[in-house]
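Here's the structure we're looking at; comments come further down.
The values are calculated or read from the model by the stated rules, or taken from the named source; none is laboratory data. Predicted, not measured: the structure shown is a model, and the values here were computed from it. For neighbour counting, all protein chains shown are included, and Cβ atoms are generated from backbone atoms with ideal geometry for every residue, glycine included. Ligands, DNA and RNA are stripped out before the accessible areas are found, and what is left, the full protein with its side chains, is counted by its heavy atoms. Shrake-Rupley method; radii C 1.70, N 1.55, O 1.52, S 1.80 Å.
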Amino acid sequence: MSTAHDVTRREAIAQYRLIGEPSEPDLQGLVELAATMCGVPTAVINIIDDRMQHQIAAVGIQAAVCSREDSMCAAVISSPGRVVVPDAQLDRRFAQNPFVTGEIARVRFYASSPLITPAGVAIGTLCVFDDVVGELSDASSRALDLLAHQVIDVLELRRIQRELVESNAQLEQFAVQVSHDLRNPLTALTGFIELAADSPEMAEAPRAAQSLARAEAAAGRMTAMVTDLLDFARMGGTRPRVTEVDVADTVDAVLEDLDGSLVSAGAEVTVDASTLVRADDTLLRVLLQNLIANAVKFTVAAERVPRIRVTVETLPDGWRINVDDNGEALEPEMRDRVFEPMQRGHGADVPGIGIGLATCQRIVDAHNGSIGLDASPEGGTRAWFVLPAAA
C-alpha cells in the first residue's frame, strides 16, 4: 500500500515526464561523468516511484526497470544525504539484495546521492557501483553530490521548457480567438462607415465626410494591427517582419489614432523623427502608441498641459527613439519595475492596468533592442528605446 510519501514522490516524478521516455543526452553525459569522477565502471540515474525503479540513464549496464523491492537505492532513498558502502555483502541493508547476491548483478562497492527536487521531494538517486570492494574519496564524494544537483537542474530546465511551450500554445489559441472576436465587429464597423461615406448626404457635409474618412482609415489600421499582432503572438515575439520604416510616418499614424485623447488633453506633440529605421512597422506603431499615450496620460495626471516631443538619434549601430514629456519624472527605483506586467508607477487614479510597458518591452526584445526610462529635459519622463541596425 502506498504511503503519503510515495504519493508525493509519484506526483513529483510525474511533473518531469521521465517514465517511458528516451534517455536525455544531458543526463547520459552526467552519468558518464559520475562514473569517471568516482573511478567506477557503472553509474545510473534511478527514479523510484511507489512500485518500480526506473533507470533513465546508465553507463556500464543497460538501463532497465526493476521492482522497488529489488532496488538497492529504494532502501536508502528516505535517508538524507549521500550513502557510501565499501562492501555491500557486509551491509545488512543489501546483503540479500538480488543486485548483490548474483540474481541480477554482483555489486560490492555502492555509493549514491539523492535526487531532491526544489520542493524537497527525493525522487531517486544518482548511484555508482562496482563489482569489487571500493571507497570514495572526499573529492569524489563532493563530485557525486554536485552531479546529483545537476541532474535535478536538467530535469527542472526540461520541465520549465515544456511548460513554456504548452503555455505559448495556449496563448496562441487565445490570440486566435481574440483576433476572431475583434475582426467581426471591425468588419461590421468598416462596412457601416463605408455605407455612411457613400450616402448622398455626405456631398453637402464635407466635415462629416472628412471625419468618416479618418474613421475608416483608423478601422483599417486596427484591422491590420489585429492581424499582425496575431502573427506576432504565433511567432512568440521572436521574428518580427523587419523592413525599412520611416519613424515620422509611423508617428503620424499613431497621432491620427490618438487624435481624440490628444485634443481633449490639449496636447502639443512635436515630431523630429523623419528617419528610416529597421523595424516591424506594425509593432513599432504599437510601441510608439503606448509610449505617446502614456506620456499624455501621466502628464495630464500631473495637472499639466502635455507637451510631447518625439525624436530620433542615429547611433553607430542603430537608432535611439525618445519620447519626452513635461509631466513628473518617474522615481529612479521604479524605472525598471514598471516594465514588469501589472506594475504601475503612478497612483490608482491614472487609468490602466499596467500592461502597456510590458508590451513595449516584449516588442523591443523581439527586435534585439533595449528600452528604458530616464528624466526628461522637458521636465518629466523620457521613454527611450534602441533599435539595432542588424535587427
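A few points about this structure:
- Per atom type, the stretch 47-113 shows carbon and sulfur on 46% of its accessible surface, probed at 1.4 Å.
- Accessible-area order (highest first, 1.4 angstrom probe) of the listed residues H5, H367, H54, H149: H5, H149, H54, H367
- Highest mean first, the peptides 87-97, 16-26 sorted by other C-beta atoms within 10 Å per residue fall in the order 87-97, 16-26.
- For the stretch 57-63, putting each phi into the Karplus relation 6.51 cos²θ - 1.76 cosθ + 1.60 with θ = phi - 60° gives couplings of 7, 7, 9, x, 9, 7, 4 Hz, in residue order, rounded to whole numbers and with x for Gly and Pro.
- Fraction of accessible area attributable to carbon and sulfur, the stretch 1-44 (%, probe 1.4 Å): 56
- Rolling a 1.4 Å probe over the protein heavy atoms leaves V305 with an accessible area of roughly 90 Å².
- The angle between the Cα long axis of helix 4-16 and the longest principal axis of the Cα atoms of the chain comes to about 50 degrees, rounded to the nearest 10.
- The structure-derived value of semi-axes √(5λ) of the Cα gyration tensor in Å appears in the list (i) 38, 23, 21; (ii) 31, 29, 20; (iii) 64, 23, 18 under the label (iii).
- Within the shell of other residues whose beta carbon sits under 10 angstrom from the beta carbon of R307, the net charge comes to -2, with Lys and Arg scored +1 and Asp and Glu -1.
- Other residues lying with their Cβ under 13 Å from the Cβ of S67 contribute a combined charge of -3, Lys and Arg counting +1, Asp and Glu -1.
- Calculated FRET value between F174 and E333, using beta carbons and R₀ = 41 Å, to 0.05: 0.75
- Euclidean distance of C-alpha centroids, the stretch 36-84 and the stretch 95-134, integer Å: 5
- 5 angstrom amide H check on W319, placed H, neighbours 5+ away: L387, A389
- Each label point was placed 7 Å from the Cα along the Cα-to-Cβ direction; for S370 and E156 their separation is 2.9 nm.
- Computing Rg and the Kirkwood Rh from the Cα coordinates of the stretch 1-64 gives a ratio, Rg/Rh, of 1.04.
- Computed lengthening from L33 to E21, 0.36 nm per intervening residue step minus Cα-Cα distance: 2.2 nm
- Largest first, the residues L144, L164 sort by 1.4 Å accessible area into L164, L144.
- Distant-in-sequence amide H partners of G124 (H built 1.01 Å from N, under 5 Å): I48, L115
- Distance-filtered residues of the stretch 36-64 - backbone nitrogen under 11 Å, label point 7 angstrom along R10 Cα→Cβ: 49-52
- Segment D317-V165, extension gain: residue separation times 0.36 nm, minus the distance between their alpha carbons: 51.4 nm
- In this label model, D181 and E103 are separated by 6.1 nm, measuring between points 7 Å along each Cα→Cβ vector.
- Rolling a 1.4 Å probe over the protein heavy atoms gives the chain an accessible area of 52 Å² per residue.
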